[in-house]
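Chemist: The structure under discussion is supplied below as structure tokens; questions concerning it will follow.
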Amino acid sequence: MRTKVLAICLLLILTFVSVGFVATTKADVGEGEWFISYTVEDPNTGELLVDVDFEADEERILGSIFGGSELEITFTVDVGVTSPNTLLKLKTAMAHSNLEDTYWELVSQEYELTAYNPNSQDVQFYQVKGELTMKLYGRVPQNIAQEIPVDYRVVTLYGPAGETLDLIEVKVVTAETSEYETLFSEKEDELLSLKESGVDPGYLELYENILNESRVQADDGYVEAAIGMLNTLDVDDVPAYSTVEGLFLPVVGALVAIVVVLGIMFLRGRGKIQYVTMVLEDQIRDLEGLTLRASRVDRTISTSLESVKDRLKSIVGM
């Protein structure tokens with residue numbers, strides 16, 4: 001009889017532990033099951049860089065984060081179920097802040113931590129139902145995102161077996177990427193303005209194609225090429241539909257080809273340079289004819305095409 005009672009007790013204990021374990025591993029990593037909200041600020045200026053609220057389904061990226069950036073991160077962990085024997089751990093890989101004396105600051109004082117050392121890279125707490133809010137101070141390593149943007153993990157929540165329950169990542173960018181994002185945003189606003197002002201549809205199509213292709217190149221890490229594409233959109237006086245009807249569509253085709261070739265120049269190895277140069281020279285000759293035709297209709301378009309032609313000539317050394 002005693003054996004049966006012990007067996008039943010053991011079964012109940014195992015069931016309880018299993019339920020607690022399932023509760024700690026149900027989270028979708030990075031989807032807000034544990035970290036329900038967080039903000040990232042620049043402690044030097046107080047500028048809000050990132051604001052994420054998973055419960056409200058809101059995410060705002062308001063500023064750029066670079067290698068070496070000092071960060072102040074405020075986050076809330078939602079513990080939905082109590083499992084008193086389950087020990088959870090928060091850990092950061094950031095370097096120690098040069099501005100603050102500690103890594104961690106406990107905001108929700110009612111939530112109890114275990115052997116809390118605010119100057120350690122990790123803190124531990126037992127799984128007790130409630131919300132744990134903390135601040136984390138640190139510095140992104142200088143060597144992060146030297147060439148391309150990187151999703152950098154600033155804090156991770158680990159379960160009792162060392163499994164990752166949830167995490168917070170920030171996008172660390174290069175200065176060049178930040179320049180691209182600013183320029184891209186400006187061009188998007190400019191495109192909306194052009195659509196409202198009755199600009200030729202062919203020009204708008206070209207504009208959108210260049211924006212989209214620049215995004216592809218930037219996402220692939222070719223930020224310099226992407227910036228170059230956006231800079232081709234610097235036209236002071238854009239054509240209205242009535243001015244260029246019957247003329248501008250060939251110009252669009254030529255400029256699209258030029259943009260593609262410029263992208264190829266950035267992406268291909270030396271073995272393709274001779275071929276690319278030959279294609280560019282053909283495009284330059286086509287542009288000369290288009291420039292002559294455009295000069296008879298609209299001097300502004302002619303001047304813009306002349307500028308593009310001169311830039312291409314400087315590239316190939318003509």
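Chemist: Anything in the range 73-84 that is of a type in the set (Val, Ile, Thr), surrounded by 17 or more Cβ atoms within 10 Å (Cβ to Cβ) and over 14 Å from residue 167 (Cα atoms)? List them, or say none.
Modeler: We begin by selecting, within the range 73-84, every residue of a type in the set (Val, Ile, Thr); these are 73-74, 76-77, 79, 81-82.
When the remaining residues are screened for being surrounded by 17 or more Cβ atoms within 10 Å (Cβ to Cβ), the result is 73, 76-77, 79.
Answer for the range 73-84, where residues must be of a type in the set (Val, Ile, Thr), surrounded by 17 or more Cβ atoms within 10 Å (Cβ to Cβ) and over 14 Å from residue 167 (Cα atoms): just 79.
Chemist: Turning to a different aspect of this structure: Scan the range 82-97 and report the pairs whose first residue is farther than 13 Å from residue 135 by Cα and in contact (Cβ under 8 Å) with a residue 60 or more places away in the chain and whose second residue is of a type in the set (Gly, Ala, Ser) and assigned to a loop (DSSP other than H, G, I, E, B), with Cβ atoms within less than 8 Å and a gap of 6+ or a chain change.
Modeler: Hits for this filter: 86/159; 88/159.
Chemist: Residue 40: surrounded by 18 or more Cβ atoms within 10 Å (Cβ to Cβ) and either modelled with pLDDT under 95 or over 19 Å from the mean Cα position of the chain (by Cα) (or both), yes or no? Walk me through how you get there before you give the answer.
Modeler: Numbers: surrounded by 18 or more Cβ atoms within 10 Å (Cβ to Cβ): yes; either modelled with pLDDT under 95 or over 19 Å from the mean Cα position of the chain (by Cα) (or both): no.
No: the conditions fail for residue 40.
Per-residue answers, yes or no, for (1) over 20 Å from residue 106 (Cα atoms); (2) assigned to a strand (DSSP E or B); (3) in contact with a helix residue (DSSP H, G or I) (Cβ under 7 Å, 6 or more places away or on another chain); (4) of a type outside the set (Lys, Arg):
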position	(1), (2), (3), (4)
145	yes, no, no, yes
165	yes, yes, yes, yes
169	yes, yes, no, yes
177	yes, no, yes, yes
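Chemist: Moving to a separate point now. Determine which member of the set 225, 254 is modelled with pLDDT under 80, assigned to a helix (DSSP H, G or I), of a type in the set (A, V, I, L, M, F, W, C) and touching a helix residue (DSSP H, G or I) at 6+ places or on another chain (Cβ under 9 Å).
Modeler: Details: 225 fails: modelled with pLDDT under 80.
Exactly one of 225, 254 is modelled with pLDDT under 80, assigned to a helix (DSSP H, G or I), of a type in the set (A, V, I, L, M, F, W, C) and touching a helix residue (DSSP H, G or I) at 6+ places or on another chain (Cβ under 9 Å), namely 254.
Chemist: Just need a number here: residues in the range 85-111 that are within 20 Å of residue 166 (Cα to Cα) and acidic (Asp, Glu).
Modeler: Counting residues in the range 85-111 that are within 20 Å of residue 166 (Cα to Cα) and acidic (Asp, Glu) gives 1.
The values are calculated or read from the model by the stated rules, or taken from the named source; none is laboratory data. Quick caveat: nothing in here was measured; it's all calculated off a predicted structure. As a convention, Cβ positions derive from the backbone with ideal geometry for all residues, glycine included, and neighbour counts pool all protein chains shown.
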